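Asks: One structure coming up, written as C-alpha cells, with questions to follow.
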Amino acid sequence: MILPNFLVIGGQRCGTTLLHTILAAHDEVYVPPRRKEIHYFDYEDRFARSLDWYRAFFPADEDAGRYRAIGEVTPDYLFEPKVPPRIAQVLPDCRLVAVLRNPVDRAFSGYLHHVRAFGERRSFEQFIEQQEDAKQRGFYTEQLQRYLELFGPGKLHILIFEELLRSPADNLRGLAGFLELSRPWRNPQELIGTPINSGATPRFHTAFRKARRLGEVLSEIGLDRAVTLAKEVGLPKLFGTRPDPPRLSAESRDRLREAYRSEIAALEQLLGRPIAAWQHEGSA
C-alpha cells in the first residue's frame, strides 16, 4: 500500500499553491493531479474513512517506483493542533515541508481571500479582530513546535516564501535535497514566474459562491477533474471582476507588525538565523 513519504503542511495563504505547482513539475515527485488539498488529517469525516480512501489519491504499487517523493499539499495541517499526532500515527516516517510568509502579509492575504471567495464585507481591521484565526495563523513557532516534538528537526524543512521568490534556485536545491531527489528543478526561475491564485475579486458574489460550493461538492464525490477543467477554460471570469480591491493601510500594517514582533523573533531563534526578507514591505 503506497502512502505519502512527504507532506506540505502549510501555512495557509503562504504560497502552497505555487509550491504544489513546483512539486508537480519535477518528474521524480508525485502530488495528486486531481486534487491539491486532500484534507485527510484535519477533516473529521475524512479521517474517519478507511486508509484505502486516502491511498487512492497516490500511485498504484506498480507505478510508485517512478517517484522518489510522493506527497500532498494541505496548508491547514500546520494550524490544526489535532493534525500532528494523526500524521505521526499514520505516517510516522513522513518528511514535512512548511512554507511561511510574512505574517502581516499572510493575514491581509487571508482577508482578501474571504473578500473574493465569500463576499466578506467587514473592513480588514474588523476582520482581523473578529475572525478567530485571522491573526493566530501567523504565530508559526508554536505550530511548528508541535511537529518538532513528534518528528524532530530532521524531518521538518522550512521555506520562507519571500526567500523562495527571490532565490528560487538555492531554495529549491535545498528542497530537492530534503526530498532526496536525484537532481534539483531544471528551471526554477521560470517556475517561480508562473501566475498562481489570481487576485481578481468577483463582481457577482452570490453566483460565485454558489459555483464555488458546487465545485466543493463535485470534488467531494470524486469529480475533481470537472472542477479543474472549468478553471482551465476560464469559467471564473464569467462572474466578472471588481476593479478596486481593498488595500492594507500603513496604520494597520504597523499595528500588525508590532503584534508579530516577538513571534518573528521566536521564529528566527528556532531557525537559527534572521529572516531579512520580512524586514521589508510586502504585498498581498
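Asks: Could you tell me whether any residue of segment 51-70 is buried (at least 16 other Cβ atoms within 10 Å of the Cβ) and within 27 Å of PHE139 (Cβ to Cβ)?
Replies: No, segment 51-70 contains no residue that is buried (at least 16 other Cβ atoms within 10 Å of the Cβ) and within 27 Å of PHE139 (Cβ to Cβ).
Asks: I've got another one for you. Here is a check on your reading of the model: is VAL99 of a type in the set (Val, Ile, Thr), touching a residue at least 40 places away in the same chain (Cβ under 8 Å), surrounded by 19 or more Cβ atoms within 10 Å (Cβ to Cβ) and in contact with a Cys (Cβ under 8 Å, 6 or more places away or on another chain)?
Replies: yes
Asks: Would you please list the contacts, defined by Cβ atoms under 7 Å and residues six or more apart or on different chains, that run from a residue in segment 169-194 that is over 18 Å from THR17 (Cα atoms) to a residue that is acidic (Asp, Glu) and surrounded by 12 or more Cβ atoms within 10 Å (Cβ to Cβ)?
Replies: LEU181/GLU28; SER182/GLU28
Asks: Exactly one condition in (1) crowded, with 16+ Cβ neighbours inside 10 Å; (2) more than 15 Å from ALA266 (Cβ to Cβ); (3) of a type in the set (A, V, I, L, M) is false for ALA117; which is it?
Replies: (1)
Asks: Mind listing whichever residues of segment 69-85 are of a type in the set (Asp, Glu) and assigned to a helix (DSSP H, G or I)?
Replies: ASP76
Asks: Condition first: under 8 Å from the mean Cα position of the chain (by Cα) and part of a loop (DSSP other than H, G, I, E, B). Now tell me which residues in segment 1-13 satisfy that.
Replies: GLY11, GLN12, ARG13
Readers should treat all values here as calculations from the given coordinates under stated rules, not as data from a laboratory. All values derive from a computational prediction rather than experimental measurement. Backbone-built Cβ (ideal geometry, glycine too); neighbour counts: all protein chains shown.
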